Amino acid sequence: MLSATDQPESDQNTERLFFFRLWDTANPERKEVDSMTQVLAPRGPFGNIRIAPDGQRMAFVGCREDGPSPHDIILARHGDKATQNLTGASVDRPVFDYRWSKDGGLLALVEDGFHTKFVAFTAEGALKDVPAVPANPSAFGVSDSGVAAFAGQTATTPQELWLWDQKSAPKQISHLNDSWKQFTLSAPEFYKYKSFDGLEIEAALLKPLGYDGKSKVPLIALIHGGPTGAWQDSIETWGQLLAARGYAVFYPNIRGSSGYGEKFIEMNRGDWGGGDYRDVIAGVDDLVARGIADPEKLAIGGWSYGGYMSEWAITQTTRFKAAVSGAGLSNLISEYGTEQGPSYDEWFYGLPYEPEKIAGFLNSSPIVHLRNVKTPTLILQGDADPVDPPGQSQELYRGLKRYGVETELVMYPREPHGFREEKHLLDRLNRILAWYDKHLREGSRATK
């Protein structure tokens, strides 16, 4: 099973002031000085500020330049205006979290394609060798003695707790999810393919349970959120349910995804629906050529930016027989004017209030191309979503209805961008399965 990291539209300005409260280290009885001093003004979003054990250095996860999302560990010494990018050149992978060690070194958790891993640095900033761990770590902490505890998971095993002394192999210490062993899950095949311009794209493929290795099967392309996100080697319920239902599921980490370096992230700046869409199509073509995907039974789906890509795809091709758009973006101009965090979109397209920028927003908006759509489309939306507000789905629905496209809009009360209520989560999954069954499986129960 896989899940997507989604680092979407947080409300962060492109330039923000960074303040640090001064501590009186000469007088430990005094807790703090009575004033605050600005020490840095990083460009772009940043966070996860931690002070070194010696109190003379601090670190934060910040941008390489100005966005679109925090990527590297940045070091700053007390009193200096200059900063040092610790991980940009040596690691060049998004930093999820990190911890200082007592000797002034750092242990960091980074995203590396579909996987996560630990990297470590000495107090002098040199990269250290770290043995691979058997499960993809997520949340972690480090004790004063240097023992790390982390939650780890893989494509077929849910999260468990692990202990690691940073010397020998980690040991699993919990069995909270042993009940999962009674279920048969589809293990993904991780592979790479060449896109239209020769760029190498990493993807994962879930094959139907019991697949004979010869038949052509219905294929559903699922696109992750973001775009500065990625599919990961962890739990993703849509795909497992679809694989159990007889579908192959394609998870591409297309250009713009995180986990492949800063330059890869920047490749779809101002180009949503361009190279990223062609990456999807190239991956679908590859699976058709390999004899896995039935070219007459293709579908697409996704949430957030994945919903946007699904909407865009159906305006560009009629190859997909069904689509599911969850909390997507149909109109990038009205999205900017109503979403919670417009600075993220601004990094990609600028300001829609400037005449010279309007064309970029419009040309990448599915709503401008809706008259081309023939694909039956299921639209799912939380009515309390501040990230991609309900108006985006309503605009899509109205346009599809106007052009006579088969479509349904399901609005879930109280739900934000990520659903929380169990009944809604189950209803969403059942609707997704029924929609694909209806349009891809002849004689299915949904069709009947």
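Run through the DSSP bridge list for the chain and note the antiparallel percent, rounded to the nearest 5. Beta bridges within the chain, antiparallel portion: roughly 70 percent. Computed in the context of the full set of protein chains, the accessible area of the chain at 1.4 Å probe radius has 50% of its extent on carbon or sulfur.
Estimated from the Cβ-Cβ distance and a Förster radius of 56 angstrom, the FRET efficiency linking ASP427 and ASP144 is about 0.75. Considering only ASN430, TYR397, TYR353, whose Cα is most displaced toward the positive end of the charge dipole of the stretch 336-448, charges sitting on Cβ of Lys, Arg (+1) and Asp, Glu (-1)? With unit charges placed on the Cβ atoms, the residue in question is ASN430.
Accessible area per residue for the stretch 300-448, computed on protein heavy atoms with a 1.4 Å probe, is 43 Å². Along the charge dipole of the chain, which of PHE150, ASN85, SER174 sits closest to the positive end, that is, farthest toward it, with unit charges on the beta carbon of Lys, Arg, Asp and Glu (+1, +1, -1, -1)? Looking along the dipole axis, the top candidate is SER174. About its Cα centre, the chain has a charge dipole of approximately 1240 debye under the convention of +1 per Lys or Arg Cβ and -1 per Asp or Glu Cβ, with nothing else charged. The slack in the chain from THR318 to ARG99, taken as 0.36 nm per residue of separation less the alpha-carbon distance, amounts to 73.9 nm. Each residue of the stretch 88-93 was assigned a 3J(HN,Hα) from its phi angle through the Karplus expression (A = 6.51, B = -1.76, C = 1.60, θ = phi - 60°), giving x, 7, 7, 10, 6, 9 Hz with x at Gly and Pro. Label sites at GLU356 and HIS78, each approximated as a point 7 angstrom past Cα along Cα to Cβ, lie 4.6 nm apart.
The values are calculated or read from the model by the stated rules, or taken from the named source; none is laboratory data. Computed from a prediction, not measured in an experiment: that's the story for all the values here. So basically every Cβ, Gly included, is an ideal-geometry build from the backbone, and we count neighbours across all protein chains shown. Heavy atoms of the whole protein, side chains included, go into the accessibility calculation; ligands, DNA and RNA do not. Shrake-Rupley method; radii C 1.70, N 1.55, O 1.52, S 1.80 Å.
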